[in-house]
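**Q** Okay, here's the structure, questions in a sec.
Every read-out reported here was derived from the displayed coordinates using simple, explicitly stated rules and does not represent laboratory data. Source: prediction; values computed, not measured. All Cβ positions, even for glycine, are placed from backbone atoms using ideal geometry, and neighbour counts span all protein chains on display.
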Amino acid sequence: MANTAPTKLGRYRQLAPRAAVHVSPLALGAMSFGDKHVGIGAPAMDKESAFKLLDTFFDAGGNHIDTANSYQDGNSERVIGEWAETRGYRDQLVIATKYTFPSDGADDTIKRKELLLGNNVKSMRLSLQASLVKLRTTYIDVFYVHFWDLHTSVEEMMDGLHNLVVAGKVLYLGISDSPAWLVVKANEYAKANGKTPFVIFQGAYSVLQRDLEREIIPMCKHEGIALALFRVVGGGRIRSDAEEERRRVTGENGRAIQYKAGGAMTPGSWERTESEKAMCTALEIIAAQVGVKHITAVAIAYALHKAPFVYPIIGGRNVEQLVANIEALDISLNEEQMSYIDGILPFEAGFPNNFIGEYGEYPAILARYSTFDSQPLLRPVGPAPK
């Protein structure tokens, strides 16, 4: 008889068309495990609280955990590694980590860091070795290029990553924060030369930030690449007016980190802008329609409805926030509700998208001359019955 989890986190999905490992529909983001980035407004969590969050996620059915070599200067990986080893859960997990930032960027005893960063094979090798130690494991389930360093060739990158797969130290490859053309070029090189391709792309996406709809999401649909999405609740900006006032009164506030050009992270205001408030009001309307309590769950459900093979990365400062986010798996949004959310804030698809139209349809400029029936694209996995 199949083991059943107490929540829909325990209804597992194939990671990607070319990656048959099965994962929970939501991934747990571990960027907050530690306290090394408090100075720039990032969240922090001590080991005891992180263990409690990990226990809750796992007990609810979750098996997909996302981290990086640089999160909290390596403390995130250390916490996950210690927890998985202590609990005896390692082989029941799909652990994703990343390289490109220096693995020990905050270690001032390392005088020269230029060889410890970037996409090159030396950085790749050193970072993986360090991640294996911190995670207390012999292999990484999904190893991401954290972002393209604007210099390393696809040949060097894909050859180096493939060698890690052949060595049994990495099972699947992913890439994050990189242009669509580079991902396609890298995968075409891999396929043509018997190398391991990327099976998943990670990027920022939410009701507040829909940039991925221009190039990345169509690429993933066409190429059969999964999507891991971070900032799905707007970096903590999705909250009700009442919740914002409560945080203001208690002094809890919220995440104040801002992302600048070049990936720099700087402190900013934790309070929402007028545009963010407008979106949150719209999410409250949808939440009432679908019968859920938390607007963050609606925001996560929105992302789940945008493409097949989508895995929102959820976090939370506490167990209560994690449980609230899992509520997203009960939400089914219809086309009218999706369109309503899409229309709250201006979004410009840009050229050539606003000329040729949306992937999966026929360009209007051709439809003037004849009538076409579009072949339906693969749909997202909908919520299972309660």
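**Q** How about segment 323-354: which GluC sites (Glu not before Pro) there are in a DSSP loop, with at most 14 other Cβ atoms within 10 Å of their Cβ?
**A** Numbers: sites: 327, 335, 336, 348; in loops: 348.
Counting only loop positions with at most 14 other Cβ atoms within 10 Å, the GluC sites (Glu not before Pro) in segment 323-354 are 348.
**Q** Under 10 Å, Cα contacts only: if you run a Gaussian network model on the chain, which one of 366, 53, 115 comes out with the highest mean-square fluctuation?
**A** 366
**Q** How far is the Cα center of segment 51-104 from the Cα center of segment 336-380, in Å?
**A** Taking the Cα centre of segment 336-380 as reference, the centre of segment 51-104 is 39 Å away.
**Q** Let me ask something else. Evaluate 2.2 N^0.38 Å with N set to the residue count of segment 288-341, then give the Cα radius of gyration divided by it.
**A** The value comes to 1.11.
**Q** Of the DSSP beta bridges with both residues in the chain, give the percent that are antiparallel, rounding to the nearest 5.
**A** On the way: 8 of 37 bridges.
In the chain, approximately 20 percent of DSSP beta bridges are antiparallel ones.
**Q** Here's another thing I want to ask about it. If we count other beta carbons within 10 Å of each Cβ, what is the order of 162, 64, 22, 305, fewest first?
**A** On the way: 162 18, 64 26, 22 13, 305 21.
Taking fewest neighbouring Cβ atoms as first place, the list is 22, 162, 305, 64.
**Q** Along the charge dipole of the chain, which of 377, 318, 17 sits closest to the positive end, that is, farthest toward it, with unit charges on the beta carbon of Lys, Arg, Asp and Glu (+1, +1, -1, -1)?
**A** The listed residue farthest towards the positive side: 17.
**Q** Next up: What spacing in nm lies between the two simple spin-label points modelled at residue 13 and residue 281, each 7 Å away from Cα in the Cβ direction?
**A** Between residue 13 and residue 281, the simple spin-label model gives 3.2 nm.
**Q** A further question on this structure: To the nearest 500 deg cm²/dmol, what mean residue ellipticity at 222 nm is calculated for the chain from DSSP H runs of n ≥ 4 alone, each contributing -39,500 (n - 2.57), summed and divided by the residues?
**A** -10500 deg cm²/dmol
**Q** Then there is this: Tell me which DSSP H helices of the chain clear both cut-offs, 30 Å or more of axial length from alpha-carbon atoms and a mean Kyte-Doolittle hydropathy of at least -0.5.
**A** Details: long enough: none.
Sorted by number, there is nothing, because no helix extends far enough and scores high enough.
**Q** Tell me, what does the Kirkwood hydrodynamic radius of segment 9-342 come to in angstroms if you use every pair of distinct C-alpha atoms? Mind dumping the intermediate values first?
**A** Details: mean 1/r = 0.0493 Å⁻¹.
Every distinct Cα pair counted, the radius reaches 20.3 Å.
**Q** How much length would be gained if the chain were fully extended between residue 115 and residue 271, taking 0.36 nm per residue of separation minus their Cα-Cα distance, in nm to one decimal?
**A** Here the segment from residue 115 to residue 271 would lengthen by 52.3 nm.
**Q** List the residues of segment 231-250 whose backbone N lies under 14 Å from a point placed 7 Å from the Cα of residue 290 along the Cα-to-Cβ direction.
**A** Within reach of a label on residue 290: 233.
**Q** Can you list residues whose amide H is under 5 Å from residue 202's amide H, if they're 5+ apart or on another chain and H is modeled 1.01 Å from N?
**A** Here 175, 176, 177, 228 satisfy the definition.
**Q** Just to verify a number: FRET efficiency for residue 323 and residue 85, C-beta to C-beta distance, R0 = 22 Å, to 0.05? Working shown, then result.
**A** Numbers: r = 26 Å, r/R0 = 1.16.
Efficiency, from the Cβ-Cβ distance: 0.30.
**Q** Can I ask one more? So which trypsin sites (Lys or Arg not before Pro) in segment 51-123 pass both tests, a DSSP loop state and at most 16 other Cβ atoms within 10 Å of the Cβ?
**A** On the way: sites: 52, 78, 87, 90, 98, 111, 112, 113, 122; in loops: 111, 112, 113.
Listed in order of number, the matching sites are 111, 112, 113.
**Q** What nm value, rounded to one decimal, do you get for the distance between residue 129 and residue 366 when each label is placed 7 Å out toward the C-beta?
**A** Result: 5.2 nm between the two label points.
**Q** Given a cut-off of 20 Å, what percent of all Cα-Cα pairs of segment 43-107 lie beyond it?
**A** On the way: 533 of 2080 pairs.
It works out to 26 percent of all Cα pairs.
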